[in-house]
Amino acid sequence: MENQILTTENLFAHYGDIDTIKNVNVSFPKNSITAIMGPSGCGKTTFLRCLNRMHELTPNAGSRGKIILHDEDLNKLEPIEVRRKIGMVFQRPNPFPTMTIYDNVIAGYKLNGIRKKRIEFDHIVEDSLKKAGLWEEVKNNLHKKGSFLSGGQQQRLCIARALAVNPEIILMDEPTSALDPIATKIIEELIVELKNTVTVIMVTHNLAQAGRVSDYTAFFYLGDLLEFGQTEKVFTNPKNEITEKFLTGKIG
Amino acid sequence: MTETNLKIRSIKNIIFRTIIIGVALLAILPLFFIIFYVIKEGLSAINWEFISSVAKPIGESGGGILSALVGSSILIVIAVIIAIPIGISAGLYISEHSDSKLSSMIRLSVEVLQGTPSIVIGIIGYFWFVKPMGHFSALSGGIALALMMLPMIVKTAEETLRMIPFSLKEASLALGVPYYKTILKVILPAGLSGIMTGVIIGIARIAGETAPLLFTAFGNAFFSTNILKPIDSLPLLIFNYATSPYTDWHKMAWGASTVLIFFILILNITTRIIVNKWKIKY
Amino acid sequence: MELTLSNNNKITISSNSIKYSDNWKLGENIFNSVLTGSGIMIIMIVIGIFLTLILSSLPSIKQFGINFVTGTTWDPVFERFGALPFIAGTLITSFLALLISIPFSIAISILLGEYFKRGIFSGFIKSMTELLAGVPSVIFGFWGIFFLVPIVREFEKILGITAYGIGIFSSSIILAIMIIPFSASVGREVIELVPSDIKEAAYAMGATRYEVIKKIVLPYAKSGIFAGIILSLGRALGETMAVTMLIGNFNKMPTSIFAPANTMASVIANEFSESTFELYTSSLIEIGVLLFIVSTVINLIGKWVIKRMVVR
Ligand SMILES: Nc1ncnc2c1ncn2[C@@H]1O[C@H](COP(=O)(O)OP(=O)(O)OP(=O)(O)O)[C@@H](O)[C@H]1O
Ligand SMILES: [Mg+2]
């Protein structure tokens, strides 16, 4: 395949004594969108959270194996450094309730104590909100608290917040599952746009969404990566029987 | 038969309700009456001179409670400065490590400290600070009061912080923000109104404490702002004047009581405003 | 991060070159030490309180042994210290106060927990009782001296006994007034914990409100109400100022509930500053130790009962 950005080698993850992710080897191509699919409880969230070392925040949880970004093994870095390179958007929008919209976007700078000139921050805010497709809706209310925004707007605010620190990869865990269909459509279009700037790895439960949005699909089953390939190919001609059953709605 | 039975039951019901309301009112009315009585006696004593001047020697009329007002403020400030950082940090510790052994020991200690009689806190203040320093002081009084308000702050801090959803912490950590900055800049601000409420309730509680000050701040007939010297406070003044034989002093004590009650009332109202206005939606 | 601002205000963000200059490991260490340190400090304070009290009361413990709590003579001039008069004074005032307060606090709890759960009336009563719970004890004592004591004195005249006014009886009434708001609010909270479905089941069967309260609410809330009473007892035992102002400061065994006496807390308040020799001071502190232990045990039992009730 073309230019790879992130590769896992023999990645295992566990909660307590139980291995939830088993020996996953996969390479994500740069500036692409990968959908991670699989039945509930198969380990999609766990896998995603391994990639930016959020998984180990859960008590008694951990992972082993290699996660290689360019030439660097992320498991050898400090988790904080990893998370600064790989952004994350959660299932439920979680803007900071005490901050204004403006401050939410530059939270990655403010919270990390990075000082910049006002004009630089203004540009980052505008640029990030534009990329997240939220600029027009909030440009007159930048200094209000984000709590009056709708769920979909809050989620786009969270995407803007992740984009603002200029990550190479953004992980999204079912970013539209808490949203209505219209908000979902807007976010899907936005994700496709994002491809130009970053690499997106997103968990989705929704086959149609994966089909509409993703370039690649990874299919997990009981902690194993059963299948990885171009979405078209996986959808039309799955190699694995279980994948086929899943795609035709017989499991899941 | 059943009809009379029903009647008896409903009469019993009415009698019971009447008794409950009657007894409850019987208890509540005297409670109101105390406040009414104090304020009635006290309001006539309060004027500008009363608030703004120091006490006059026995026999001379006039004078005010300025020394006690300033003293109480100094004591409260000392207590707050000491109790807030320790209380919030400890509250953070137990909310962050809620299952650890150390946490349960801290919780137990907080309960014990909260149940410690105030006079015992006074003895402790005497032995830890007054005796080593060789004299009574505002500082020792302030520290004794800090011990009294510490449990309140730890508990409200813990409760508030525990209510903050984990997703908020995740949002910050996922941006590569170090844990301690996440706590200081995201979690604490989100819990600010709850913690403030705890602090204000704590202040309301120590503002009227007398027993811990008897052997620490001790009281001072003269105006003083030196934290290493004995200092007067409103409750000490009320105690000394109330138990004195002078009618003038009694009047001043009523005035001081009224001031103290209003101060506590204002603190109570403030916490309500904070709770209602500063609600954070997640 | 490098920003190139070109004329048309378009910005290009060069790939992931934000400079994170923070020394976060140091911050993390300091932060964790501060949190742990504060927690440990509170534990140390409590241990310190206990050790200080025990160590400072050693001379009297050694001198008097068990006789300290059974001795009825408290005479600093002859260096004889028996604390029984104060233990008796404390127990009598506290239990009398409890006895007076129980019907009232239960009535208020039922009123607020069952009859007027919300609305202006209950809000008003709630905030007033909260305010009263915050009135400093020295003000209760002050009011007691000038309002309650004369009334009690008249009452004693009618009874035909020595009309002191001050003494155990006045102290108990003041204590009762002081603990009613507290035990009523504990009572209200536990009554509100009674699940509404079991109450509704009883109403559905045609039970009157009285029957529901008697047969369902009170039995269910029993242990919680009891805990509230225990916690009130803990407060009454340690209450200092109001009692000190009203009890009469009399160091002999109380002879009747109208007699002047002294409690453990009030004898400390009255005599600690003037205790001129070590044995005297240490005897007072031994009283403090007893008070500390008893209050702590009672307090912890009460909280434990309530916690169990909330969990259920
Ligand atoms: N905190 C945890 N402690 C222990 N086990 C967990 C924990 N979180 C998840 N698991 C287990 O790990 C497995 C994978 O969970 P994960 O959340 O990754 O699944 P998922 O594919 O994201 O599911 P869903 O589609 O429902 O979001 C499940 O069997 C789950 O029960
Ligand atoms: Mg999931």
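The values are calculated or read from the model by the stated rules, or taken from the named source; none is laboratory data. None of these values were measured; they are calculated from a predicted model. Cβ atoms come from the backbone with ideal geometry, glycine included; neighbour counts cover every protein chain shown. These area figures cover heavy atoms from the full protein model, side chains too; ligands, DNA and RNA do not enter into them. Shrake-Rupley method; radii C 1.70, N 1.55, O 1.52, S 1.80 Å.
Just a few scattered comments:
- Test for C:ILE216: is it part of a helix (DSSP H, G or I), closer than 29 Å to C:ASP197 by Cα and in the same structural domain as C:PHE104 (by TED's automatic domain parsing): yes
- Residues that are in contact (Cβ under 8 Å) with a residue 40 or more places away in the chain and within 22 Å of the chain's Cα centre (by Cα) were ranked within region C:43-61; the one that is surrounded by the most Cβ atoms within 10 Å (Cβ to Cβ) is C:ILE49.
- Any hit, region C:108-116, residues being away from chain B (no Cβ under 11 Å) and without any contact (Cβ under 8 Å) to a residue 40 or more places away in the chain: no
- Within region A:57-82, the set of residues being within 16 Å of ligand 1 (Cβ to nearest atom) and either out of contact with any strand residue (DSSP E or B) (no Cβ under 9 Å at 6 or more places or on another chain) or within 11 Å of chain B (Cβ to nearest Cβ) (or both) comprises A:LEU57, A:THR58, A:PRO59.
- Among the residues making up region A:62-119, those that are farther than 25 Å from C:LEU26 by Cβ and hydroxyl-bearing (Ser, Thr, Tyr) are A:SER63, A:THR98, A:THR100, A:TYR102.
- Applying the criterion of at least 3 residues that are under 15 Å from A:PRO167 (Cβ atoms), within 14 Å of chain B (Cβ to nearest Cβ) and open to solvent by less than 20 Å² (accessible area, probe 1.4 Å) to the helices (runs of 4 or more DSSP H) found wholly in region A:91-135 leaves A:107-110.
- Of all residues in region A:39-56 being more than 6 Å from ligand 1 (Cβ to nearest atom) and away from every other protein chain (no Cβ under 12 Å), the one that is farthest from A:ASP215 (Cα to Cα): A:CYS50
- Filter result (in contact (Cβ under 8 Å) with a residue 24 or more places away in the chain and among the basic types (Lys, Arg)) within region A:76-132: A:ARG83, A:ARG84, A:LYS85, A:ARG92, A:LYS131
- Within region A:27-60, considering residues that are in a strand (DSSP E or B) and under 23 Å from A:ILE80 (Cα atoms), the one most open to solvent (accessible area, probe 1.4 Å): A:SER27
- Residues in region B:162-199 that are without any contact (Cβ under 8 Å) to a residue 12 or more places away in the chain and small (Gly, Ala, Ser): B:ALA174, B:GLY176.
- Taking the criterion of being of a type in the set (A, V, I, L, M, F, W, C), more than 11 Å from ligand 2 (Cβ to nearest atom) and touching an Asp or Glu at 6+ places or on another chain (Cβ under 8 Å), the residues of region A:1-56 that qualify are A:ILE5, A:PHE12, A:ALA13, A:VAL24, A:ILE33, A:MET54.
- Top-ranked residue in region A:208-246 [being within 16 Å of ligand 2 (Cβ to nearest atom) and part of a helix (DSSP H, G or I); ranked as farthest from the chain's Cα centre (by Cα)]: A:PHE246
- You will find that of B:ASN226, B:ASN220, B:ASN240, the residue that is surrounded by fewer than 22 Cβ atoms within 10 Å (Cβ to Cβ) and in contact with a Pro (Cβ under 9 Å, 6 or more places away or on another chain) is B:ASN220 and no other.
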